[in-house]
Amino acid sequence: MEKKVSVEISARHVHLPEDVYKKLFGEDAEMTSVKNLTGGGAFVDARRVTLVGPKSEMHRVAILGPYRPTQIELSKTDARKLGVEPPIRISGDTKGSAPIKIIGDCGEYEAEEGAIIAKRHIHVCEREAAEWGVKKNDIVKVSIKTAERSLIFDDVVIRTNPEESLAIMHIDTDEGNAAGMDGTTDGFVVE
Ligand SMILES: [Zn+2]
């Protein structure tokens, strides 16, 4: 059976809770969607932040809504440039992760933790996961065919959701570049 996933690349971004958002952009500021993302009501906010690490800073970093606990998702390349050392983690698991400073139009916030490199993963509905013979937290391999840099990724975590949905794999810009991807590409679970 073909176990197909749509492989999407996530560029660096932050998730912020409401209190931090207001600290950065003012008491009256509210998130405003400029682009809706696939699945779960996520969107790109109209505002941007600057990230500051010991070695450099990065401007115009996207904020993804809705409000959520602070999490800064970077690629390894971003982390090296900034001079921070985030652990590789599944989204939401930020305890003891790297500190970083976030600057908005009206203020700044020293996140004591929250910077991670997202562990590559697949979102798949429980029905399809059962068909594939996998369950939550299983590790699989995914093959991505591109013109000249086809690649098989190992260490891909399965995340399941009860609602019927298309299987989507999330990787970061380093991983997408390593596979020679220019945008969303089909992948296949091979193990
Ligand atoms: Zn994801």
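The values are calculated or read from the model by the stated rules, or taken from the named source; none is laboratory data. Here the structure is a predicted model, which means the values were calculated and not measured. No Cβ is skipped: glycine too gets one built from the backbone with ideal geometry, and neighbour counts run over all protein chains shown.
See the values below:
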| item | result |
| --- | --- |
| Those residues of region 135-145 which are farther than 19 Å from E8 by Cβ and either within 16 Å of the ligand (Cβ to nearest atom) or not in a loop (DSSP other than H, G, I, E, B) (or both), in sequence order | K136, N137, D138, I139 |
| Whichever residue in region 104-133 is more than 16 Å from the ligand (Cβ to nearest atom) and assigned to a loop (DSSP other than H, G, I, E, B) and, among such residues, is surrounded by the fewest Cβ atoms within 10 Å (Cβ to Cβ) | G133 |
| Qualifying residue in region 151-165 (condition: assigned to a loop (DSSP other than H, G, I, E, B) and either surrounded by 14 or more Cβ atoms within 10 Å (Cβ to Cβ) or among the hydrophobic types (A, V, I, L, M, F, W, C) (or both)) | yes |
| Criterion: without any contact (Cβ under 8 Å) to a residue 24 or more places away in the chain, of a type outside the set (D, E) and loosely packed, with under 14 Cβ neighbours inside 10 Å - qualifying residue of G26, G92, G41, G83 | G92 |
| Residues within region 1-23 that are in a helix (DSSP H, G or I) and exposed (fewer than 13 other Cβ atoms within 10 Å of the Cβ), tallied | 1 |
| Candidate set: region 134-148, residues that are surrounded by 13 or more Cβ atoms within 10 Å (Cβ to Cβ) and charged (D, E, K, R); chosen: the one farthest from T77 (Cα to Cα) | D138 |
| Odd one out for S75 among (1) in contact (Cβ under 8 Å) with a residue 60 or more places away in the chain; (2) away from the ligand (no atom under 15 Å from the Cβ); (3) in the same structural domain as K35 (by TED's automatic domain parsing) | (2) |
| Checklist (1) surrounded by fewer than 18 Cβ atoms within 10 Å (Cβ to Cβ); (2) closer than 19 Å to P69 by Cα applied to M31, failing item | (1) |
| Only listed residue being out of contact with any Ser or Thr (no Cβ under 7 Å at 6 or more places or on another chain) and either more than 16 Å from the ligand (Cβ to nearest atom) or at pLDDT 95 or above (or both), chosen from E163, E148 | E148 |
| Residue match in region 172-182 (condition: within 16 Å of the ligand (Cβ to nearest atom) and at pLDDT below 95) | no |
